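S.K.: Okay, handing you the structure first.
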Amino acid sequence: MTFKEKVSSLLDEALKERPELFLIELKITEANKIMVTLDGDNGVNLQDCIDVSRAIEHNLDREEQDFSLEVASAGATSPLVNKRQYSKNIGRTLKVTTQAEKIEAELTGATDEHIVLEWKAREPKKVGKGKETVQKRAEVPYGDIKEAVVVIKF
């Protein structure tokens, strides 16, 4: 078993014990720097990162392989990359970039195939002059999403 396979296996075991957490990214550089990025259905706290770090580090032998380990949560401004991230962010505003357009809207649903966005837009009236506010809705397949980021509002 290679070093990368062993790390991946240890990480899988750690996440099986914590089903509310899920992997966003695992990177292992040529210099054996291990970088793990996690997210969770209820967020990720410091203890979650410590627990996963210990599960990996305590099962690797530094005498066999020198390495460094970094376990972190996905940042607040990090793009969404996992379907579970969309589900946990229902009700929040997202900036979604697709091949065709950019949409800033409320995420109102997430299925296995697509997300549902809803927003209000000002459009010209169908009859007469001026504009009216209309409710818009879009179902965006995951495959069409180039980037989706949660909009932080204070």
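S.K.: Rounded to the nearest 500, what is the chain's calculated 222 nm mean residue ellipticity when only DSSP H runs of at least 4 contribute -39500 (n - 2.57) each, over all residues?
M.R.: Using -39500 (n - 2.57) per qualifying helix, the result is -6500 deg cm²/dmol.
S.K.: OK, next. Out of the GluC sites (Glu not before Pro) in segment 11-70, which ones are loop residues according to DSSP with at most 14 other C-beta atoms within 10 Å?
M.R.: Within segment 11-70, the qualifying GluC sites (Glu not before Pro) (loop, at most 14 other Cβ atoms within 10 Å) are Glu20, Glu30, Glu63, Glu64.
S.K.: If you count, for each residue, the other Cβ atoms within 10 Å and average over each peptide, how do 129-141, 32-44 line up from highest to lowest?
M.R.: 32-44, 129-141
S.K.: Further, regarding this structure: Probe of 1.4 angstrom, ligands and nucleic acids ignored: what's the accessible area per residue over segment 95-154, in square angstrom?
M.R.: 73
S.K.: Another one. Anything over 26 Å Cα to Cα? Flag those among Lys33/Lys146; Lys27/Lys88; Lys88/Lys146, in the order listed.
M.R.: Those over the limit are Lys33/Lys146.
S.K.: Taking the Cα centre as origin and putting +1 on Lys and Arg beta-carbons and -1 on Asp and Glu beta-carbons, what dipole magnitude results for segment 43-154, to the nearest 20 debye?
M.R.: The calculation lands at about 1380 debye.
S.K.: I've got another one for you. Once label points are set 7 Å from the Cα along Cα→Cβ at both Thr108 and Lys33, what is their separation, rounded to one decimal in nm?
M.R.: Going by the 7 Å Cα→Cβ label model, 4.5 nm.
S.K.: Report the extension gain between Lys120 and Ala76 in nm, rounded to one decimal, defined as 0.36 nm multiplied by the number of residues separating them, less their alpha carbon distance.
M.R.: Contour length minus Cα-Cα distance gives 13.4 nm.
S.K.: Turning to a different aspect of this structure: Among Leu15, Leu117, Ala76, pick out the residue whose Cα is farthest towards the positive end of the charge dipole of segment 1-152, where Lys and Arg carry +1 and Asp and Glu carry -1 on C-beta, about the Cα centre.
M.R.: Leu117
S.K.: Please work out how much length the chain gains when fully extended from Thr133 to Asn59, using 0.36 nm per residue of separation minus the C-alpha to C-alpha distance, in nm with one decimal.
M.R.: Value of the extension gain: 20.8 nm.
S.K.: Which percent, to the nearest 5, of DSSP beta bridges fully inside the chain are antiparallel?
M.R.: Among the beta bridges of the chain, antiparallel pairing accounts for roughly 80 percent.
S.K.: Separate question: So if I place +1 on the C-beta of Lys and Arg and -1 on the C-beta of Asp and Glu, and nothing else carries charge, what would the dipole magnitude of segment 1-87 be about its Cα centre? I want it in debye, nearest 20.
M.R.: 300
S.K.: Let me ask you something else. Given R₀ = 30 Å, what would the calculated FRET efficiency be for Thr97 paired with Lys6, taking r from the Cβ atoms and rounding to 0.05?
M.R.: After rounding, the FRET efficiency stands at 0.20.
The values are calculated or read from the model by the stated rules, or taken from the named source; none is laboratory data. Note that this is a predicted model, so its numbers are computed, not measured. When we count neighbours, we look across all protein chains shown, and the Cβ atoms used for this are built from the backbone with ideal geometry, even at glycine. The protein model used for the area step is the full one, side chains on, heavy atoms only, and it has no ligands, DNA or RNA in it. Shrake-Rupley method; radii C 1.70, N 1.55, O 1.52, S 1.80 Å.
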